[in-house]
Amino acid sequence: AADNGFYSHIAELRARGLPLTAESLASLPPLLRPAAGDNGDVAKTGLGSSATLVTSLVAALLHTLGAISLPEPGGPPAAAAAQPKSHEREERELAMLHALAQVCHCAAQGKVGSGFDVCAATFGSHRYCR
């Protein structure tokens, strides 16, 4: 069991006849036992660690194969400093990394998610507004 914020409690809220609101979620007892779905899996709110791992692995493989260039630890390598990468090339490399990491992450997860976590791991943080 973990904090209620880690798991999805939609089924619990519906079973109690509560609306799907933050206030209803706050009314549940702390550390509520996570409920298994119809397939037996626990529906949890993802934290993005698997997306970060997959994106890092794909980036390392692409770099090793020469498909993209990554900065050296501690700063850019001498060759990169002498010949800076164009903005267009960097965008192409990041787009390729994002696409491949997204496919790999979906395969590893066995489903298609929102993609926000892979996108954040590739391009940086996001701000989403509705």
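List of remarks:
- Among residues of the range 1-19 being within 23 Å of Gly48 (Cα to Cα) and modelled with pLDDT of 75 or more, the one that is surrounded by the most Cβ atoms within 10 Å (Cβ to Cβ) is His9.
- Whichever residue in the range 109-130 is within 26 Å of Pro71 (Cβ to Cβ) and not in a loop (DSSP other than H, G, I, E, B) and, among such residues, is farthest from the chain's Cα centre (by Cα): Phe123
- Checking each residue in the range 88-108 for being over 11 Å from the mean Cα position of the chain (by Cα) and within 23 Å of Asp41 (Cβ to Cβ) picks out Val103, Cys104, Ala107, Ala108.
- Of all residues in the range 114-130 being touching a helix residue (DSSP H, G or I) at 6+ places or on another chain (Cβ under 7 Å) and small (Gly, Ala, Ser), the one that is surrounded by the most Cβ atoms within 10 Å (Cβ to Cβ): Ala121
- Close contacts from the range 54-65, counting a first residue that is free of Cβ contacts under 8 Å to residues at least 40 places away in the same chain and a second that is hydroxyl-bearing (Ser, Thr, Tyr) and surrounded by 13 or more Cβ atoms within 10 Å (Cβ to Cβ), with Cβ to Cβ under 8 Å and a gap of 6+ residues or different chains, come to His63/Ser69.
- Selection from the range 96-113 of residues that are open to solvent by less than 70 Å² (accessible area, probe 1.4 Å) and polar (S, T, N, Q): Gln102
- When Gly48, Gly66 are checked against the criterion of being small (Gly, Ala, Ser), at positive phi and either at pLDDT below 90 or open to solvent by 90 Å² or more (accessible area, probe 1.4 Å) (or both), Gly48 stands alone in meeting it.
The values are calculated or read from the model by the stated rules, or taken from the named source; none is laboratory data. Treat the numbers as computed from the prediction; the structure is a model and nothing was measured. No Cβ is skipped: glycine too gets one built from the backbone with ideal geometry, and neighbour counts run over all protein chains shown. Surface accessibility is based on the protein's heavy atoms, side chains included, excluding ligands, DNA and RNA. Shrake-Rupley method; radii C 1.70, N 1.55, O 1.52, S 1.80 Å.
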